[in-house]
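Below you'll find the structure, written out as structure tokens, and then a few comments.
The values are calculated or read from the model by the stated rules, or taken from the named source; none is laboratory data. A quick note: this is a predicted structure, and the numbers were derived from the prediction, not measured. Cβ coordinates were reconstructed from backbone atoms using ideal geometry, including for glycine residues, and neighbour counts include every protein chain displayed. Ligands, DNA and RNA are excluded from the accessible area calculation, which covers all protein heavy atoms including side chains. Shrake-Rupley method; radii C 1.70, N 1.55, O 1.52, S 1.80 Å.
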Amino acid sequence: MSKVIKKAIVKQIDEKQELIISELIEVFKNINYEVRIEKGSFKGGFCLLREQQIFLLNKNIEPAKKITFLARNLAELGVENIFVKPEIRDIIEKESSK
């Protein structure tokens, strides 16, 4: 009798989503926030460490959820007065209206 060997599920990386995430992080940097992507039992959020503004993001959440979380928090901060690429601004505005 032969044994069935199951292959490990490999997470596929969506390059478009990763690009959106990096552009959203760049917007945070433009408004003087350091973004840290770390493991833990949290989604993420704002933090103040020795007068440095930090935004934490959980490394293990799905890319689509990272995009949503980043965009919603940017909408809370308000990015009206800085330049943001039109497609990124659309994502932020879409999340702010939810």
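Using only Cα atoms, figure out Rg for the range 20-67 and give it as a multiple of 2.2 N^0.38 Å.
Details: Rg = 10.6 Å, N = 48, 2.2 N^0.38 = 9.6 Å.
In units of the globular-protein estimate, the range 20-67 measures up at 1.11.
How far, in nm, would the chain grow between residue 16 and residue 83 when pulled straight, counting 0.36 nm per residue and subtracting the alpha carbon separation? Let's see the in-between values first.
On the way: separation 67, 0.36 × 67 = 24.12 nm, distance 2.07 nm.
Contour length minus the Cα-Cα distance gives 22.1 nm.
Can you tell me the orientation of helix 15-30 relative to the chain, as the angle in degrees between its alpha-carbon axis and the longest Cα principal axis, to the nearest 10?
Approximately 30 degrees, to the nearest 10.
Using a simple charge model, +1 on the beta-carbon of Lys and Arg, -1 on the beta-carbon of Asp and Glu, nothing else, what dipole does the chain show about its Cα centre, in debye to the nearest 20? Show your work: numbers first, answer last.
Details: 18 positive and 15 negative charges, 158 e Å.
Once rounded to the nearest 20, the dipole reads 760 debye.
Which entries in the list 43/98; 43/85; 39/66 go over 22 Å, if you measure between the two C-alpha atoms of each?
On the way: 43/98 18 Å; 43/85 25 Å; 39/66 13 Å.
Beyond 22 Å: 43/85.
If you wrap the range 50-98's Cα atoms in a convex hull and average its projection over all directions, what's the area in nm²? Walk me through the intermediate numbers first.
Numbers: hull surface 17.6 nm².
Directional mean of the projected Cα hull area for the range 50-98 stands at 4.4 nm².
Compute a Gaussian network model of the chain, connecting alpha carbons closer than 10 Å, and tell me which residue from 23, 87, 34 fluctuates the most.
87
Using alpha carbons only, how many degrees (0 to 90, rounded to 10) separate the axis of helix 86-96 from the longest principal axis of the chain?
Relative to the chain, helix 86-96 is tipped by roughly 90 degrees.
Can you run phi through the Karplus equation (6.51, -1.76, 1.60; θ = phi - 60°) for the range 67-74 and list ³J(HN,Hα) in whole Hz, with x for Gly and Pro?
The phi angles translate into 4, 4, 5, 4, 5, 5, 6, 5 Hz.
Given contacts defined as C-alpha pairs under 8 Å and at least six residues apart, what's the relative contact order of the chain, whole-number percent?
Working: 90 pairs, mean separation 23.4, N = 98.
Over the chain, the number comes to 24 percent.
Please calculate how many Å² of accessible area the chain carries per residue, with a 1.4 Å probe and no DNA, RNA or ligand atoms counted.
Values: 7680 Å² over 98 residues.
Ligands and nucleic acids excluded, the result is 78 Å² per residue.
What is the ratio of the Cα radius of gyration of the chain to 2.2 N^0.38 Å, with N the residue count, to two decimals?
Compared with the compact-globule rule of thumb, the chain sits at 1.33.
Collect residues whose amide H, placed 1.01 Å from N in the peptide plane, falls under 5 Å from the amide H of residue 34; neighbours closer than 5 in sequence don't count.
Result for residue 34 returns 53, 54, 55.
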